[in-house]
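Report on the structure given below.
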Amino acid sequence: EQIKKDKYQTWEWNFGHSPNYNFKQGVKTSGGVIEMNLDVKKGIIQAAKIEGDFFHINDIDAVENALVGCAHDKKTIEAKLDELDLKAYFNNVSKEDLLASMF
């Protein structure tokens with residue numbers, strides 16, 4: 001049980017050794033369609049691009065850049081999004097909408 005807890009149930013074992021992948025997913029929100037494109041290497045986001053027909057207020061490069069270096073993990077990304085004032089970037093797009101586009 002201890003080995004399972006210390007090794008096999010860790011994020012590093014389950015995701016950190018995963019192959020590199022490109023993640024692409026779109027979701028429809030009240031503010032428009034959000035399409036999330038992520039390049040992930042060993043479970044860490046290397047590049048992020050947010051596209052779609054949504055209305056943005058300020059340049060979303062800051063949001064994309066904030067995702068780089070984060071683990072492609074819902075709790076980690078949610079915590080990172082909590083640090084940002086998403087209303088300064090997106091019109092009628094919530095944190096939950098962005099999370100839905102990433103998982």
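The values are calculated or read from the model by the stated rules, or taken from the named source; none is laboratory data. In this text the structure is predicted, and so the values were computed from the model without any measurement. Cβ placement follows ideal geometry from the backbone for every residue including glycine, while neighbour counts extend to all protein chains displayed. Side chains included, ligands, DNA and RNA excluded: accessible areas come from the protein's heavy atoms. Shrake-Rupley method; radii C 1.70, N 1.55, O 1.52, S 1.80 Å.
At 0.692 mPa s and 37 °C, plugging the Kirkwood radius over alpha-carbon pairs of region 13-103 into Stokes-Einstein gives what diffusion coefficient in µm²/s? Numbers along the way, then the final one.
Numbers: Rh = 13.2 Å.
The calculation lands on 250 µm²/s.
Points 7 angstrom from Cα along the Cβ direction at Phe103 and Lys28: gap in nanometres?
Distance between the two pseudo-spin positions: 2.3 nm.
Would you list which lysines come within 19 Å of Lys87, measuring only between C-alpha atoms, while excluding same-chain residues fewer than 8 positions from it?
Cross-link targets: Lys28, Lys49, Lys95.
Note down the relative contact order for region 28-103 as a percent, whole number, built from C-alpha pairs under 8 angstrom at least six residues apart. Please report the intermediate quantities before stating the final value.
Working: 111 pairs, mean separation 25.5, N = 76.
Relative contact order comes out at 34 percent.
Treating only the Cβ of Lys, Arg, Asp and Glu as charged (+1, +1, -1, -1), what charge dipole size does region 17-103 show about its Cα centre? Round to the nearest 20 debye. Spell out each step's value before the answer.
Values: 10 positive and 14 negative charges, 70 e Å.
In debye, rounded to 20, region 17-103 gives about 340.
Take Ser30, Ser94, Ser101 and sort them by solvent-accessible surface of the protein heavy atoms, 1.4 Å probe, largest at the top.
Values: Ser30 100, Ser94 40, Ser101 0 Å².
From most accessible down to least: Ser30, Ser94, Ser101.
Can you give the FRET efficiency for Asn65 and Gln9, using 1/(1 + (r/R0)^6), R0 = 25 Å, r = Cβ-Cβ distance, to the nearest 0.05?
Values: r = 31 Å, r/R0 = 1.25.
Taking R0 as 25 Å, the efficiency between Asn65 and Gln9 is 0.20.
Would you list Asp73, Asp39 from the most to the least accessible area, probe 1.4 Å? Can you show the working numbers first?
Working: Asp73 45, Asp39 65 Å².
Solvent-accessible surface, decreasing: Asp39, Asp73.
Amide H of Ile44: which non-local residues (sequence gap of 5 or more, or other chain) have their own amide H closer than 5 Å, using H built in the peptide plane?
Answer set, sorted by chain and number: His72.
Could you tell me the accessible area of Leu84 in Å² (1.4 Å probe, neighbours in place), rounded to the nearest ten?
40
Let me have the 222 nm mean residue ellipticity of the chain computed from DSSP H runs of 4+ only, each contributing -39500 (n - 2.57), with the sum over all residues rounded to the nearest 500.
Working: 3 runs with 24 residues, N = 103.
Taken over the chain, the calculation gives -6000 deg cm²/dmol.
At a probe radius of 1.4 Å, what is the per-residue accessible area of Thr10, in Å² to the nearest 10?
Taking all protein chains as shown, Thr10 has close to 30 Å².
Which value, in Å² rounded to 10, gives the accessible area of Tyr21 with a 1.4 Å probe and all protein chains present?
80
Taking amide H positions as placed 1.01 Å from N in the peptide plane, with prolines and chain starts having none, which residues 5 or more places from Val33, or on another chain, fall under 5 Å of its amide H?
Amide H to amide H, under 5 Å and 5 or more residues apart or across chains, Val33 pairs with Asp53, Phe54.
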